[in-house]
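What follows is one structure encoded as structure tokens, with my remarks underneath.
The values are calculated or read from the model by the stated rules, or taken from the named source; none is laboratory data. None of the values given here were measured: they were computed from a predicted structure. Glycine gets a Cβ as well: all are built from the backbone with ideal geometry, and neighbour counts include every protein chain shown.
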Amino acid sequence: MPEKYRDHTDKYCKRVLRLYFMILCLWPTVIVAQLTSPLSFSPRQQVLYPVPEGVGDAWMEKAKGFDTYSENELVQKIACYELAIPLYKMAANRLKQAMALQMLGDCHNHQGMLPPALSELEEALTIYKEVQYPALQGIYDLLGNVNSQMGNYKTALKNGYMAVKTAELQQDTTLQLCTIYNRLGLTFFHLAEYAQALTYFKKSLEVAKKWKDTASLLTLVPNIASAYQRLNQPEEAIHILKDMEKRYDITSDEDKITLAAGLSNSYVSMGRYDDAYIQVKRLQSLSRSFGASHYMQDAIYKALISYFQAIEDYNSVKQYGIDYEGYCKQAGYTYELLNDYGYLFRADSALGNYPAAIDYYQQYKVLQDSLYSEEKTREIAQLQMQYDMEKKDHDLLLKEQSIQLLKRQGLLQKSDLQRARLEGYVIIGGTTTLAILLILGYNRYQLKQNINRQLRRQQQEIHEQHNSLHVLLYTQRKLVAEKDWLVNEIHHRVRDNLQIIMRLLNAQAAHLDDKNALAAIHESRHRMQAISLIHQKLYLSGSMAIVDMDIYIRELVAYFKDSLTGLQQISFDLQIADVYLEVCQAVPIGLVLNEAITNSFKYAFANGGKGAISVNLHYVAEDYVLLAVKDNGKGLPADFEKRRHASMGIILMETLSEQLEGDLSVKDENGVSVTLIFKPQHNREKLPGLLKLVNKTA
């Protein structure tokens, strides 16, 4: 609001307040009685003394002068509404009381104080229903938005649908419909129904374009870009964001943050980290313009954490993740807190902080189960199906009404035509012509009736096919979810069984004195750990069959450093390309790597001296992968060929290379060099880009 108008509003409010305070002084007895015991006055008596209602109106008018998007002015706006509500209650004006509660709840929503916002909005809805206020689309929309942010998705979806339904009944085509569609789209976005979210975002965009509302357009375009990004279309997201930047003069810091965050997330999805870094620096600079609890910090945190996760800067992920955790808890953002626990778990896992990682993973699972339990998912699907069916019934009813109207119009037109013709025939006395026209009219009527019957049959068939398709899609989604759960559970059980075997080996080792037997048990335990680590990766990742060898080999080497005493003196040079293997090939590779590193530790650096071991995994030729493990130790013994067939490690590596249908060679080249060349079961081109990104950040 311009400063001159705000000054004018303040002067007006001060005059109104001064007038009512004078009235208070003139009627002290009545006002004191109302303030101390308002219930002792009947509604008729309260109407005779409208002083509290007038003062409440003054506070409501003063609240309009404060900017909702300014943190300091928002506090003053909230204070005005809090003063107006009890005054309206005292004056027994329930409608104004509900309106003030709705405005207060909206302000608390902007402030990020979701629990009080929910309580105030629910109280406002109750009062609206008591006074039978019909235009409830606004309050339903706000309730849907607050519940969505708190993770109450079933209630949020129900309120969103009620907002759309009420707006349609009220024939509301204002900008409020734009907000309703946008917030319903956000609820579907949190439910990972990105196609459905995109549909509602586009509906909202059409309303904003109709009203030429630039502020709404600058909000909706980044939402649409986020949906395209989640639908694996980052190029489309970047295109519409760049188009928005060219079309509109983006001056506010809020819109700059929204644009920069959208571009950063899209660039990260495409692996364009240099372009993303430019947007990250811009976000870090803009973040200083707002308080730590401002609602725009949400978009900044998510973009920064996503970028540092992608470039594997886990210290930064940890730092921003902890700050974001406090922000989400203070505001009550459940969906964002769930994602943040996932980031903190991956960061602590990569940094080796396994106790903290386990704690964050447990919190992640508890929160995930509370938000996306099977029962809640089924209820939400049923609610969505019910809404779709009601909407289609409503559309069919409208079509039927349109058909009935057309039929009535046709009958009226036909009647007029017959009357006109009848008059003409009477004038010319053509009784024969009149009979012919009546027959033709009857034939046309029969033809139209036949056409209408065919249309009704076709509509019925379409309706039945649509219902069958809905049931089929729901069943298919349920089967896919059950399959994913079963595969996930298999990897979980395999990993747990391997851990049990390792504990049994440890327990057996505790009762053995034979050094050879102890060594054999320790080697077996390392082999089990190599296999267990693969199943752990598969269980925690989004893919159930593909292993990112870069992350797997690095974690396997980290395990050796922690478990083999003396290995800390040996440096590792890891040159690992972006290689993704299926489980049937990743397990043999892990075992070969285990044997090679263990042999280097046992024989090449037997005296505990310093040394280096290099591990190289990359593509060679077109469709082959090379695994090379080399140390700079004392090399092979002179009688290596004689002992070759007696060495369990060499026999195991040769057997594993045969299983991979690859070529294994062990050479003495300034140390021992173990080389394995094999062909993966899939080509690099067949791996989708999104799967690579997910595995890279798992």
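Worth pointing out:
- The one condition in (1) among the acidic types (Asp, Glu); (2) under 24 Å from Met113 (Cα atoms); (3) part of a loop (DSSP other than H, G, I, E, B) that Asp298 fails to fulfil: (3)
- Flag if Asn109 is in contact with a Lys or Arg (Cβ under 6 Å, 6 or more places away or on another chain), part of a helix (DSSP H, G or I) and of a type outside the set (Ser, Thr, Tyr): no
Each row is one residue, and each column tells you yes or no for (1) touching a strand residue (DSSP E or B) at 6+ places or on another chain (Cβ under 6 Å); (2) at pLDDT 85 or above; (3) polar (S, T, N, Q).
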residue	(1), (2), (3)
Leu660	yes, yes, no
Ser665	yes, yes, yes
Glu669	no, no, no
Ser673	yes, yes, yes
Leu676	yes, yes, no
Asn683	no, no, yes
Gly689	no, no, no
Leu693	no, no, no
Lys696	no, no, no
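- Every residue from the stretch 601-625 that is surrounded by 13 or more Cβ atoms within 10 Å (Cβ to Cβ), more than 12 Å from Leu556 (Cα to Cα) and at pLDDT 80 or above: Gly611, Ala612, Ile613, Ser614, Asn616, Leu617, His618, Tyr619, Tyr624, Val625
- The single residue among Gln196, Gln171 that is farther than 15 Å from Tyr140 by Cβ, among the polar types (S, T, N, Q) and part of a helix (DSSP H, G or I) turns out to be Gln196.
- Test for Ile403: is it assigned to a helix (DSSP H, G or I), closer than 30 Å to Tyr474 by Cβ, modelled with pLDDT under 80 and within 50 Å of the chain's Cα centre (by Cα): no
- Flag for Leu143 being of a type in the set (A, V, I, L, M, F, W, C), out of contact with any His (no Cβ under 6 Å at 6 or more places or on another chain) and over 30 Å from Lys329 (Cβ atoms): no
- Helices (runs of 4 or more DSSP H) wholly inside the stretch 215-293 containing at least 1 residues that are among the hydroxyl-bearing types (Ser, Thr, Tyr) and crowded, with 23+ Cβ neighbours inside 10 Å: 253-270
- Subset of the stretch 419-444 (residues that are modelled with pLDDT under 80 and surrounded by 12 or more Cβ atoms within 10 Å (Cβ to Cβ)): Arg421, Gly424, Tyr425, Gly430
- Beta carbons closer than 6 Å, at least 6 apart along the sequence or on distinct chains, pair a first residue in the stretch 50-71 that is in contact (Cβ under 8 Å) with a residue 12 or more places away in the chain with a second that is part of a helix (DSSP H, G or I) and among the β-branched types (Val, Ile, Thr) for Val51/Ile23; Ala58/Val16; Gly65/Thr9.
- Filter result for Ser204 (small (Gly, Ala, Ser), part of a helix (DSSP H, G or I) and surrounded by fewer than 23 Cβ atoms within 10 Å (Cβ to Cβ)): no
- Residues located in the stretch 166-181, provided they are more than 14 Å from Lys210 (Cβ to Cβ) and either over 26 Å from the mean Cα position of the chain (by Cα) or loosely packed, with under 15 Cβ neighbours inside 10 Å (or both): Thr166, Ala167, Glu168, Leu169, Gln170, Gln171
- Scanning the stretch 194-236 for residues that are within 14 Å of Leu177 (Cα to Cα) and within 13 Å of the chain's Cα centre (by Cα) yields no hits at all.
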